[in-house]
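The structure appears below as structure tokens.
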Amino acid sequence: RPRVLSGIQPTAGSFHLGNYLGAVRQWVALQETHDAFYMVVDLHAITIPKDPAELRANTRLAAAQLLATGLDPERCTIFLQSHVPEHTQLSWVVECLTGFGEAARMTQFKDKSSKQGTDHTTVGLFTYPALMVADILVYQADQVPVGEDQRQHVELTRNIAERFNGRYGATFTVPESYILKETAKIYDLQDPTIKMSKSASTPKGIIDLLDEPKTTAKKLKSAVTDTDTVVRFDEAEKPGVSNLLTIYSTLTGAGIPELEQKYAGKGYGALKTDLAEVVTEWVTPFRERTQEYLGDPATLDTILARGAEKARAVAAETLETVYDKVGFLPAK
Ligand code: AQP
């Protein structure tokens, strides 16, 4: 079975629709066909200061949500990044293979650091792509299911893997990103030219999966569309409507042409009302399952501990090979 690896930050509490449609939905499907490793990237979360109690709560919440989407610990390995020290141990080697300019060109770093200013940007935010490279390489992953915004990080991973292999001999699998075109980028409801994002979206622009259905309906109702009234998929001319159609189509399995036909002559109001129902139908059992997992933290922690054990077995083997190739003496 080919191997997949991916992660999600425990940042804002609730996952949003972009996280789910862009990434986690694919994770659920891939656990059936792949040797799948999925983690909550708590180490990445502290590149921006976090309150410890909040981080703890959000990490459990993220794990509960992963299970609630349908990830099954019998079919895939679910764990917390901080439980597998090999990630950071490998990331040092990756940092020493990464050019300063190469890291400085990462668009996520440029965006976030320019917003924060140099004094508030941590070295961790700068080196976080190297940790992400290590996250992927330490499992010898073949594919990385992510949204479009992560493509550049997977490209960096490929470059580093090839660089290491070239210098020290064949060691790493060179991974590919696994990005579904239709849902690669879910857009902000208030500004459909930017991605729906935890840090950049306003609350009205983002559909949190743990929102109350009433809130979801309100947000969808006020979603920015255009001055036309025709429901048509056209990303250049009608980005707002196209985004709504993508969400609708992915959650129901209905084709875009079918939806265009269904809403012909009905206008945006009907589309938004129905979409609110579609989203509610999907999120209601998801929210209930999340609460169930949260209500039983002992079971949750056991699942994560077992996942970490399975993950470590793979990661430790890679790290041992890498440290040997680099020239570190074994600790015997
Ligand atoms: N809008 C999106 N459309 C498609 N995919 C998306 N992803 C995030 N936003 C969208 C994908 O979700 C996965 C987990 O994301 P993450 O929480 O690890 O990190 P992120 O990309 O940093 O999430 P945000 O919301 O965009 O947070 P900010 O803006 O704060 O960084 C990833 O696979 C991501 O591609």
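Among the residues of segment 85-104, is there at least one that is open to solvent by 30 Å² or more (accessible area, probe 1.4 Å), within 15 Å of the ligand (Cβ to nearest atom) and not in a loop (DSSP other than H, G, I, E, B)? Within segment 85-104, none of the residues are open to solvent by 30 Å² or more (accessible area, probe 1.4 Å), within 15 Å of the ligand (Cβ to nearest atom) and not in a loop (DSSP other than H, G, I, E, B). Would you please name the residue that is nearest to ASP149 (Cα to Cα), looking only at residues in segment 220-232 that are more than 16 Å from the ligand (Cβ to nearest atom) and open to solvent by less than 70 Å² (accessible area, probe 1.4 Å)? Within segment 220-232, the match that is nearest to ASP149 (Cα to Cα) is THR225. Within segment 1-39, the set of residues being within 9 Å of the ligand (Cβ to nearest atom), open to solvent by 10 Å² or more (accessible area, probe 1.4 Å), over 10 Å from the mean Cα position of the chain (by Cα) and hydrophobic (A, V, I, L, M, F, W, C) comprises ALA12 only. Does ALA64 satisfy the condition of being open to solvent by less than 30 Å² (accessible area, probe 1.4 Å), closer than 22 Å to ARG158 by Cα, in a helix (DSSP H, G or I) and away from the ligand (no atom under 14 Å from the Cβ)? The answer is no for ALA64.
Of all residues in segment 169-188, which are polar (S, T, N, Q), within 12 Å of the ligand (Cβ to nearest atom) and assigned to a loop (DSSP other than H, G, I, E, B)? Steps first, answer last, please.
We begin by selecting, within segment 169-188, every residue polar (S, T, N, Q); these are 171, 173, 177, 183.
Filter again for within 12 Å of the ligand (Cβ to nearest atom), leaving 177, 183.
The answer is THR183, and nothing else.
HIS44 meets the conditions (1) over 16 Å from the mean Cα position of the chain (by Cα); (2) outside any loop (DSSP other than H, G, I, E, B); (3) closer than 27 Å to LYS185 by Cβ in every case but one. The failed one is (1).
Quick one: is THR246 of a type in the set (Val, Ile, Thr) and open to solvent by 30 Å² or more (accessible area, probe 1.4 Å)?
Criteria not met by THR246.
Residues that are touching a residue at least 24 places away in the same chain (Cβ under 8 Å), surrounded by fewer than 22 Cβ atoms within 10 Å (Cβ to Cβ) and not in a loop (DSSP other than H, G, I, E, B) are absent from segment 69-81 altogether. The residue of segment 146-162 that is surrounded by the fewest Cβ atoms within 10 Å (Cβ to Cβ), among those that are of a type outside the set (D, E, K, R) and away from the ligand (no atom under 16 Å from the Cβ), is ASN159. Before we move on, is ALA331 more than 30 Å from TYR139 (Cα to Cα) and part of a loop (DSSP other than H, G, I, E, B)? In short, no.
Scanning segment 189-219 for residues that are within 8 Å of the ligand (Cβ to nearest atom), part of a loop (DSSP other than H, G, I, E, B) and not aliphatic (A, V, I, L, M) yields a count of 4.
The values are calculated or read from the model by the stated rules, or taken from the named source; none is laboratory data. The structure presented is a predicted model; accordingly, all values stated were derived computationally and were not measured. Using ideal geometry, Cβ is built from the backbone for each residue, glycine included, and neighbour counts are taken over all protein chains shown. Just the protein is used for accessible areas: all its heavy atoms, side chains included, with ligands, DNA and RNA removed. Shrake-Rupley method; radii C 1.70, N 1.55, O 1.52, S 1.80 Å.
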